[in-house]
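See structure below.
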Amino acid sequence: MFDRIAPRYDMLNGLLSFRRATVWRRKVARFVRDDIPIRVLDLATGTGDQLIALARHLGNITGGIGIDRSDRMLDIGRDKMRCHGLENRFELRRGDATDIPFESESFDVVTISFGIRNVHDAHRTLAEMHRILKPGGRAMVLEFSLPESRSVRTLYLFYFRTILPWIGGWISGDREAYRYLNQTVESFPYGGQFVDRMRQAGFEGVEANPMTLGVVTIYVGDKGREG
């Protein structure tokens, strides 16, 4: 599905989020330490936007890798890395977030933005994120959530169920892909439920940080110093 929509994926992300997707990814960088050198892994990296956002706002990244299962997304992402002069800092590879192809304790930071609800086993993905982090490392998950306000939620769901699939389908030529988006957003656990999932995977100090009236949330959790 992501191979099919890859050519218009970035444009639609900006359009359908009213340009907020860039802001949300930038805010992820606020939760990363900037006083020590770090190596980053981005899961479900798509076209590499989260890595690019981190590079723009953090000067302490020594290198990073993004993995994704969509070859077409990765091809577009590699072109973007070259355009931003980041091809020597970040490498994009094909890989599965439920079976991360790196040794334990290999990274200081791991991120996944708008991807955790798409994996077939979210608990295993979180466990893998914990495994590849060094002791004291940090995981951040940026994902859609449902607003607490009843009136905001009503408008939000109307947009997701009706307007977004129509616009996304019309521009991408794949309406089912954008119906899938709202279905996964509504069914995926968020807020306290997702915080509990991260704790079950071994993360400490887990917190949820709602953004833009709660339509997205940045979850942050650390790997203990004892691993």
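The values are calculated or read from the model by the stated rules, or taken from the named source; none is laboratory data. What you see is a predicted model, and the numbers here were worked out from it, not measured in a lab. Cβ placement follows ideal geometry from the backbone for every residue including glycine, while neighbour counts extend to all protein chains displayed.
Results, tabulated for the structure shown:
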| read-out | value |
| --- | --- |
| Ile76 vs. criteria aliphatic (A, V, I, L, M), buried (at least 16 other Cβ atoms within 10 Å of the Cβ) and not in a helix (DSSP H, G or I) | no |
| Residue satisfying condition, being of a type outside the set (Gly, Ala, Ser), surrounded by fewer than 19 Cβ atoms within 10 Å (Cβ to Cβ) and modelled with pLDDT under 95, within set Phe188, Phe114 | Phe188 |
| Selected residue (only one of Phe114, Phe107, Phe90, Phe102 is on the phi > 0 side of the Ramachandran plot and touching a helix residue (DSSP H, G or I) at 6+ places or on another chain (Cβ under 9 Å)) | Phe114 |
| Residue count for the stretch 102-118, restricted to those that are farther than 18 Å from Gly48 by Cβ, assigned to a loop (DSSP other than H, G, I, E, B) and either of a type outside the set (Asp, Glu) or under 15 Å from the mean Cα position of the chain (by Cα) (or both) | 2 |
| Count of the stretch 123-155 residues which are assigned to a helix (DSSP H, G or I), touching a helix residue (DSSP H, G or I) at 6+ places or on another chain (Cβ under 8 Å) and crowded, with 20+ Cβ neighbours inside 10 Å | 2 |
| Qualifying positions in the stretch 191-205 - touching a Phe, Trp or Tyr at 6+ places or on another chain (Cβ under 8 Å) and crowded, with 20+ Cβ neighbours inside 10 Å | Phe194, Met198 |
| Only listed residue being at pLDDT 95 or above, over 18 Å from the mean Cα position of the chain (by Cα) and within 27 Å of Asp99 (Cα to Cα), chosen from Asp79, Asp49, Asp68, Asp42 | Asp79 |
| Residue within the stretch 103-119 that is farther than 25 Å from Asp35 by Cα, in contact with a strand residue (DSSP E or B) (Cβ under 9 Å, 6 or more places away or on another chain) and of a type in the set (Phe, Trp, Tyr) present | yes |
| Qualifying residue in the stretch 79-98 (condition: in a helix (DSSP H, G or I) and either touching a residue at least 12 places away in the same chain (Cβ under 8 Å) or under 16 Å from Ala201 (Cβ atoms) (or both)) | yes |
